[in-house]
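Asks: Let me begin by handing over the structure; questions about it come next.
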Amino acid sequence: MIELKNISKTYQMGKVEVKALEGVTLTINPGEFVAIMGPSGSGKSTLMHVIGLLDKPDSGEYQLCGKSMQNLSDEQAALLRNRIIGFIFQQFHLLPRMNVLDNTCLPLIYAGKRALKDKAREKINQVGLSDRILHRPNELSGGQQQRAAIARSLVNEPFLILADEPTGNLDTKSREEILSVLKELNQKGKTVIIVTHESEVAAYAKRVISMRDGKIISDKYNGVKPQNKDLSRMKEACDIVTQSHHKVGKAEFSDFLRQAIIAMLAHKGRSFLSILGILIGVAAVIAMLALGTGAKESIEKQLASLGSNLLVVRPGSSQMHGVAIEAGSVTRFTFSDVTAIGRLTDVVRRVSPAVNGRAQLVYGNQNWNTQVEGVGLEYEEMRNSSPAVGRFFSEEELRMREKVAILGTTVARELFGENNPVGEAIKINLLNFRVIGVLPTKGANAFRDQDDNILIPVTTAMFRLLGKEYIDTIYVEVNDAGKMSEAQDTISKLIIKLHRLKKDEEDSFQIRNMSDIRATLEATTKTMSMLLGAIAAISLLVGGIGIMNIMLVSVSERTREIGLRKAIGATNNDIMFQFLVEAVLMSCLGGIIGIILGSGIAILITFFAGWAVRISLSSVILATAFSVIVGVVFGLWPARQAARLNPIEALRYE
Ligand code: ADP
Ligand code: MG
């Protein structure tokens, strides 16, 4: 069954060549109980690793069930280790965070037989550990741990048991127990190979092979050479060997997920810290996008509430902001300009002058500072400002410069609380005004509270309250949406004519179209979102690097676990997938907590600052997708590092 011909293995240690195996030729038949003896460093473990397909010889021929093992792929070797070989190590190599049952079940996962828990229980029974089934390795004695490891090696009904100094770390009593378990296994038909350097141990075996310096120096049978028993088992094993190229990758996603959750829970604090970056990044994305969307929506609402087809005529050039311009190059508007524009009935439907300033309001012992707008009669219709309570001012009141005021809802609430302000007297900059109405609510946006204002007749504002000689703004409503630019031209020409402006003075006033304003606002919002997006992307990147760091730490910390998993049949892909799932799980968890946190922040902003925010489904999907991608991208490298580990070296890792 096992045939080794002239097997050699040389290790390079710096400049020194260590010949671990030198021309080993050996045949082991089914059902044998073989002890390999020899001093430390004589190549026993190396021989076991070659037989167990954990390591490849440099030269020589190895045949298992008549099939050459020379050109076996990593996956095929993993499959054979899983299905026909059971390893028992001196250090037990149980996974510390799992109980005896879960440890025993491990090889089942890689065989795609995770459901066979009863099989695992049966094997635990067989090694006499059924009363410790839910204990973790650190709650067991050395002998019990080794028995758990034997149960694990048996769970896939292997044909061959390889035990490398299984009693090396045990006291005499435990050693006896372990050896009798192995002897019993052999009596039931399993082929057992045990490495030891204690002759009492060797006495249990039927055949003793002695090694020295990588060579076999003696090979003796204790008593009779055993007959081949249980040939059907052997046939089964050989079938697996011959068909090994068909069956790989049996572990399922749920297995990986479970392992990942166990690993994460094992280091709760560390996992939390490593997802913090993702968490903050995603929370920022969600909150920022909610703010941005909210701002955009309220801008649009505001633009709609401004009224349609609106042109805004103002003194000064549109480039005025931030650039000093010469004195005298600003056109001053008066009522005659308003009247003249109003006469352009071909294009203009309505026109209203406006001035504004800030004022201090007093009612009783309440004070409030707000924005005062002096406007014309037409303003009510043009700007959707018909009072919700009370009335607008009349033509008579406009003409007589009456001291009447219409309050925005914020002002009304600040001065009057829940009471009806209509008919009350208030002081505006020490002048007595009468409240005649309350404006409809327009809502707040990220920039300002649009209900924090009052309207008064433009004449009262200019000549009594603010002391202005000129009009600040002329609002023009155009007849038809299609005539906006025509109206803009006509009004522009009229103003140039009325004010006798020269060519170089033509930018001393500006006419703005709402769509210009919309475009500007949209451009601003877009720049803002891009900036915020960039910040969020950077924090996600940093978060990803955090996860990668932790995963790399985790890989090196769990090197022995990786080695063990490979020894019991995990393929490279299994290992890679396990770590990848762990990284993605962490980043997704960060993403989910981030989404909750970000939404919470957005809601708090609405609640306390009164800004409009809107959490959109698309931003949630975006954030989730991003965290998955971050997990995959930054988990891939550590996962590949883990997958590439050599099982032997990984098992030796301290
Ligand atoms: P044994 O199990 O009989 O004590 P091993 O098979 O472990 O001996 O090792 C045989 C020889 O090969 C020893 O001299 C050891 O130092 C060397 N050796 C084993 N593994 C390595 C390795 N990974 N790198 C270098 N030398 C090694
Ligand atoms: Mg050894």
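The values are calculated or read from the model by the stated rules, or taken from the named source; none is laboratory data. Everything numeric in this text was worked out from a predicted model, so none of it was measured. Cβ: placed from backbone, ideal geometry, glycine included. Neighbour counts: every protein chain shown.
Asks: In region 598-654, which residue that is among the aromatic types (Phe, Trp, Tyr) and either in contact (Cβ under 8 Å) with a residue 12 or more places away in the chain or within 16 Å of ligand 1 (Cβ to nearest atom) (or both) is farthest from residue 280 (Cα to Cα)?
Replies: To start, the set of residues in region 598-654 that are among the aromatic types (Phe, Trp, Tyr) comprises 607-608, 611, 626, 634, 637, 653.
Filter once more, keeping what is either in contact (Cβ under 8 Å) with a residue 12 or more places away in the chain or within 16 Å of ligand 1 (Cβ to nearest atom) (or both): 611, 626, 634, 637, 653.
Working: 611: 22, 626: 13, 634: 17, 637: 23, 653: 36 Å.
Only one residue fits best here, namely 653.
Asks: Would you be able to say whether some residue in region 599-608 is among the β-branched types (Val, Ile, Thr) and over 24 Å from residue 539 (Cβ atoms)? Don't jump to the end; show me each part of the working.
Replies: Going through region 599-608, the residues among the β-branched types (Val, Ile, Thr) turn out to be 601, 603, 605-606.
Imposing the further condition that a residue be over 24 Å from residue 539 (Cβ atoms) reduces the set to none.
No - not one qualifying residue is present in region 599-608.
Asks: Going by the conditions given, is residue 75 in contact with a Ser or Thr (Cβ under 6 Å, 6 or more places away or on another chain), touching a residue at least 40 places away in the same chain (Cβ under 8 Å) and surrounded by fewer than 19 Cβ atoms within 10 Å (Cβ to Cβ)?
Replies: Against the criterion (in contact with a Ser or Thr (Cβ under 6 Å, 6 or more places away or on another chain), touching a residue at least 40 places away in the same chain (Cβ under 8 Å) and surrounded by fewer than 19 Cβ atoms within 10 Å (Cβ to Cβ)), residue 75 qualifies.
Asks: Further, regarding this structure: List the pairs whose first member sits in region 203-225 and is assigned by TED's automatic domain parsing to the domain that holds residue 19, whose second member is within 12 Å of ligand 1 (Cβ to nearest atom) and among the basic types (Lys, Arg), and whose Cβ atoms are under 8 Å apart, counting only residues at least 6 apart or on separate chains?
Replies: Here the result reads 211/44; 213/19; 214/9; 214/19, each pair linking region 203-225 to a residue that is within 12 Å of ligand 1 (Cβ to nearest atom) and among the basic types (Lys, Arg).
Asks: OK, next. Anything in region 611-648 that is part of a helix (DSSP H, G or I) and of a type in the set (S, T, N, Q)? List them, or say none.
Replies: 618, 619, 624, 627, 641
Asks: Turning to a different aspect of this structure: If the requirement is being free of Cβ contacts under 8 Å to residues at least 24 places away in the same chain, assigned to a helix (DSSP H, G or I) and surrounded by fewer than 20 Cβ atoms within 10 Å (Cβ to Cβ), which of these qualifies: 177, 184?
Replies: Going through 177, 184 in turn, just one is free of Cβ contacts under 8 Å to residues at least 24 places away in the same chain, assigned to a helix (DSSP H, G or I) and surrounded by fewer than 20 Cβ atoms within 10 Å (Cβ to Cβ): 184.
Asks: Hey, could you check region 171-213 for residues that are under 52 Å from the mean Cα position of the chain (by Cα) and within 16 Å of ligand 2 (Cβ to nearest atom) and say which is nearest to residue 22 (Cα to Cα)?
Replies: Step by step, filter region 171-213, then rank; the result is 195.
Asks: Is it true that residue 612 is of a type in the set (A, V, I, L, M) and touching an Asp or Glu at 6+ places or on another chain (Cβ under 7 Å)?
Replies: Yes, satisfied.
Asks: Within the group 45, 40, which residue is within 10 Å of ligand 1 (Cβ to nearest atom), in contact (Cβ under 8 Å) with a residue 12 or more places away in the chain, closer than 23 Å to residue 153 by Cβ and among the small types (Gly, Ala, Ser)? Quick ask: steps written out before the conclusion?
Replies: Values: 40 fails: closer than 23 Å to residue 153 by Cβ.
On inspection, the qualifying residue turns out to be 45.
Asks: Let me ask something else. Do the conditions hold for residue 168, that is, is it in contact (Cβ under 8 Å) with a residue 40 or more places away in the chain, assigned to a loop (DSSP other than H, G, I, E, B), surrounded by fewer than 19 Cβ atoms within 10 Å (Cβ to Cβ) and within 16 Å of ligand 2 (Cβ to nearest atom)? Lay out the reasoning, then the answer.
Replies: Working: in contact (Cβ under 8 Å) with a residue 40 or more places away in the chain: yes; assigned to a loop (DSSP other than H, G, I, E, B): yes; surrounded by fewer than 19 Cβ atoms within 10 Å (Cβ to Cβ): yes; within 16 Å of ligand 2 (Cβ to nearest atom): yes.
So residue 168 passes the test.
Asks: Working only within region 1-35, note down all residues that are charged (D, E, K, R) and either within 10 Å of ligand 1 (Cβ to nearest atom) or in contact (Cβ under 8 Å) with a residue 60 or more places away in the chain (or both). Talk me through it step by step, then tell me what you get.
Replies: Filtering region 1-35 for residues charged (D, E, K, R) gives 3, 5, 9, 15, 17, 19, 22, 32.
Residues satisfying the conditions are 3, 9, 17, 19, 22, 32.
Asks: Could you list, in sequence order, the residues of region 19-66 that are crowded, with 20+ Cβ neighbours inside 10 Å, assigned to a loop (DSSP other than H, G, I, E, B) and within 12 Å of ligand 2 (Cβ to nearest atom)?
Replies: Correct list: 38, 42, 43.
Asks: I would also like to ask the following. Could you grab me the full set of residues in region 161-197 that are away from ligand 1 (no atom under 16 Å from the Cβ) and among the hydrophobic types (A, V, I, L, M, F, W, C)?
Replies: Correct list: 161, 170, 178, 179, 181, 182, 185, 192.
Asks: Okay, next question. When you scan region 389-405, do you find a residue that is part of a loop (DSSP other than H, G, I, E, B), among the polar types (S, T, N, Q) and under 51 Å from the mean Cα position of the chain (by Cα), even just one?
Replies: Let us first name the residues in region 389-405 that are part of a loop (DSSP other than H, G, I, E, B), namely 391-394, 400-403.
Among the residues that remain, those that are also among the polar types (S, T, N, Q) are: 394.
Checking the rest, the ones that are also under 51 Å from the mean Cα position of the chain (by Cα) come to none.
Looking for residues that are part of a loop (DSSP other than H, G, I, E, B), among the polar types (S, T, N, Q) and under 51 Å from the mean Cα position of the chain (by Cα), one finds none in region 389-405, hence no.
Asks: May I ask you to list the residues in region 443-476 that are surrounded by fewer than 21 Cβ atoms within 10 Å (Cβ to Cβ), of a type outside the set (S, T, N, Q) and within 51 Å of the chain's Cα centre (by Cα)?
Replies: Correct list: 443, 444, 446, 447, 448, 449, 451, 452.
Asks: Against the definition (among the aromatic types (Phe, Trp, Tyr), more than 11 Å from ligand 1 (Cβ to nearest atom), surrounded by 19 or more Cβ atoms within 10 Å (Cβ to Cβ) and assigned to a loop (DSSP other than H, G, I, E, B)), how does residue 87 come out, yes or no?
Replies: no
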